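K.L.:
The following block contains the structure, expressed as structure tokens.
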Amino acid sequence: MRKNERFNEGKALGIDTKFRITDIFRKLITADLQSGRYQDCRLVSGRRCTAAVGATSTLSGLIIGFLLGLSNGFAIITAQKFGAKNIADMKKSFAMSLVIGTGISILFTIAGLLFLKSILHFLNVPKHLVPVAKGYIAIIIAGLLATFLYDACAATLRAIGDAVTPLIILAISVALNIVGDLFFVVVLKTGVKGAAIATVLAQIIAFVICWIYMIRKYEILRLQKEDFKDPSPIMVKEMISAGMSMGFMSSLVNIGTLTLQTAINKLGKDIIIAHTAARKITEIFMIMFSVFGQTMATYCGQNVGAGKIDRVKRGIWLAIVYTAIWSGLTIIASYTIGGWLVYLVTGSHNKTVILNATNYLKFDTLFYFGHLVFSG
């Protein structure tokens with residue numbers, strides 16, 4: 001069995017820093033893929049395609065963000081059991097995360113597809129964009145189970161000390177996704193549906209690779225039938241509590257933005273594109289907060305399991321200091337190179353798009369100092 005790194009040993013600035021760096025790269029890769037998809041759509045189908053994706057991006061971000069947080073919340077309990085060297089309960093917590101998460105993912109998929117038309121109406125998606133937006137988001141929703149399963153496996157690997165492998169698998173998945181985008185969107189001219197298909201296929205491949213790697217490299221993650229039987233009610237309650245808390249935290253911004261999107265979608269293509277670009281840059285800026293939040297969840301989980309509370313306090317303090325520094329840097333970036341960042345995301349020189357997107361960034365980043373306390 002491969003040796004696992006533990007957060008409850010060594011300096012607080014040691015292993016956890018490595019985890020943060022790999023998680024930053026993981027989120028940057030994902031964000032860059034999304035920006036590339038907007039560019040592909042713009043080049044092939046024009047602003048209509050980009051606006052259609054943007055009109056539903058809040059919805060997909062809300063659901064996917066919740067599932068990501070859910071998997072990371074479940075992994076907190078796995079990390080606690082691993083830190084306490086209770087391998088039997090650790091395996092049960094992993095098994096339960098798959099069962100509970102799969103059920104929630106299927107529920108979201110069924111509800112999302114059944115009420116998709118009503119949801120698009122609630123979001124005030126312009127009528128001329130509805131067919132394109134519906135085709136895109138329906139495929140993304142249909143692939144939610146694959147998205148969760150990969151997130152759950154990656155979160156479990158990080159919970160036992162392996163942060164590098166999920167990053168490598170994600171990089172492979174993103175590379176395949178980019179190739180798929182180019183093939184479906186550029187070659188086959190399938191528009192946003194092709195981009196959505198490429199995304200789902202890449203997620204499926206990522207899960208398969210991650211699962212095969214886990215069961216081959218880590219004996220403690222080779223689940224048996226008994227691992228799915230008779231879970232402790234207390235552990236299940238803890239997992240649901242942690243999972244739901246992290247899920248809502250991860251999607252908190254999108255919950256508010258979902259309401260905002262209903263007004264944004266009434267203001268035309270330029271504003272939709274500007275809002276989409278600003279949110280994408282905001283997601284990149286906020287990577288540091290989510291990285292520290294998720295890393296501290298694993299860090300605290302292992303140390304609480306090992307009974308090392310002093311390390312928990314030290315780690316939280318350092319996370320707040322680092323993210324405060326990052327908050328200052330994002331404000332400077334918004335007021336100096338905001339327009340350039342908008343162009344990188346959209347590939348557009350449209351003055352209305354750039355002006356509205358940069359104004360969004362200038363105002364939004366001023367409130368990051370409050371957000372860092374909750375993320376850290």
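The values are calculated or read from the model by the stated rules, or taken from the named source; none is laboratory data. Computed from a predicted structure; not experimentally measured. No Cβ is skipped: glycine too gets one built from the backbone with ideal geometry, and neighbour counts run over all protein chains shown.
K.L.:
Output the residues belonging to the range 309-332 that are of a type in the set (V, I, T) and more than 9 Å from F292 (Cβ to Cβ). Please lay out each step first, then the result.
P.N.:
Residues of the range 309-332 of a type in the set (V, I, T): 309, 312, 316, 320-321, 323, 325, 330-332.
Listed by number, the residues that qualify are I309, V312, I316, V321, I325, T330, I331, I332.
For (1) within 18 Å of I64 (Cβ to Cβ); (2) at pLDDT 85 or above; (3) out of contact with any Lys or Arg (no Cβ under 7 Å at 6 or more places or on another chain); (4) in a helix (DSSP H, G or I), each residue gets a yes or a no:
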site: K134; (1), (2), (3), (4): yes, yes, yes, yes
site: I137; (1), (2), (3), (4): yes, yes, yes, yes
site: I141; (1), (2), (3), (4): yes, yes, yes, yes
site: T147; (1), (2), (3), (4): yes, yes, yes, yes
site: Y150; (1), (2), (3), (4): yes, yes, yes, yes
site: A154; (1), (2), (3), (4): yes, yes, yes, yes
site: L157; (1), (2), (3), (4): no, yes, yes, yes
site: D162; (1), (2), (3), (4): no, no, yes, no
site: P166; (1), (2), (3), (4): yes, no, no, yes
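K.L.:
So, V192, is that one crowded, with 20+ Cβ neighbours inside 10 Å, in contact with a helix residue (DSSP H, G or I) (Cβ under 9 Å, 6 or more places away or on another chain), modelled with pLDDT under 90 and not small (G, A, S) or not? Write out each step before concluding.
P.N.:
Details: crowded, with 20+ Cβ neighbours inside 10 Å: yes; in contact with a helix residue (DSSP H, G or I) (Cβ under 9 Å, 6 or more places away or on another chain): yes; modelled with pLDDT under 90: yes; not small (G, A, S): yes.
In short, yes.
K.L.:
I would also like to ask the following. Can you give me the number of residues within the range 242-279 that are assigned to a helix (DSSP H, G or I) and either acidic (D, E) or under 12 Å from the mean Cα position of the chain (by Cα) (or both)? Outline the logic, then answer.
P.N.:
Just the residues of the range 242-279 that are assigned to a helix (DSSP H, G or I), to begin with: 242-250, 252-264, 269-279.
Add one more test, that the residue is either acidic (D, E) or under 12 Å from the mean Cα position of the chain (by Cα) (or both), and what stays is 246-247, 249-250, 254, 270.
Count: 6.
K.L.:
Let me ask another. Criterion first (within 30 Å of E238 (Cα to Cα), surrounded by fewer than 17 Cβ atoms within 10 Å (Cβ to Cβ) and in contact with a helix residue (DSSP H, G or I) (Cβ under 9 Å, 6 or more places away or on another chain)) does T102 satisfy it? Steps first, please.
P.N.:
Working: within 30 Å of E238 (Cα to Cα): yes; surrounded by fewer than 17 Cβ atoms within 10 Å (Cβ to Cβ): yes; in contact with a helix residue (DSSP H, G or I) (Cβ under 9 Å, 6 or more places away or on another chain): yes.
Against the criterion (within 30 Å of E238 (Cα to Cα), surrounded by fewer than 17 Cβ atoms within 10 Å (Cβ to Cβ) and in contact with a helix residue (DSSP H, G or I) (Cβ under 9 Å, 6 or more places away or on another chain)), T102 qualifies.
K.L.:
Ok, one more. Can you find even one residue in the range 126-142 that is within 22 Å of G243 (Cα to Cα) and either without any contact (Cβ under 8 Å) to a residue 40 or more places away in the chain or surrounded by fewer than 21 Cβ atoms within 10 Å (Cβ to Cβ) (or both)?
P.N.:
Looking for residues that are within 22 Å of G243 (Cα to Cα) and either without any contact (Cβ under 8 Å) to a residue 40 or more places away in the chain or surrounded by fewer than 21 Cβ atoms within 10 Å (Cβ to Cβ) (or both), one finds at least one in the range 126-142, hence yes.
K.L.:
Among the residues of the range 216-241, which ones are of a type in the set (A, V, I, L, M, F, W, C) and under 24 Å from the mean Cα position of the chain (by Cα)?
P.N.:
The initial filter retains those residues of the range 216-241 that are of a type in the set (A, V, I, L, M, F, W, C), namely 220-221, 223, 228, 234-236, 239-240.
Answer for the range 216-241, where residues must be of a type in the set (A, V, I, L, M, F, W, C) and under 24 Å from the mean Cα position of the chain (by Cα): L221, V236, M239, I240.
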